[in-house]
């Protein structure tokens with residue numbers, strides 16, 4: 001099994017939960033974009049590290 005793929009899936013699941021929590025708490029829309037940007041950055045690091 002590929003470790004990078006498993007890590008990336010975990011990051012996506014965690015980001016989904018973070019977005020759901022931000023929506024549930026009625027946080028500003030900017031919060032969601034911060035979560036998405038952080039997830040993309042982490043996925044880029046995982047991809048670069050496991051290439």
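None of the figures in this text is laboratory data; all of them are computed from the coordinates on show. Everything numeric here is computed off the predicted structure, so don't read it as measured data. Ideal geometry is used to build each Cβ from the backbone, glycine not excepted, and the neighbour counts take in all protein chains shown.
The table below lists the values:
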quantity: Residue in region 39-48 that is without any contact (Cβ under 8 Å) to a residue 24 or more places away in the chain and in contact with a helix residue (DSSP H, G or I) (Cβ under 8 Å, 6 or more places away or on another chain) present; calculated: no
quantity: All positions within region 11-33 that are within 25 Å of residue 50 (Cα to Cα) and either surrounded by 14 or more Cβ atoms within 10 Å (Cβ to Cβ) or under 8 Å from the mean Cα position of the chain (by Cα) (or both); calculated: 11, 12, 13, 14, 15, 16, 18
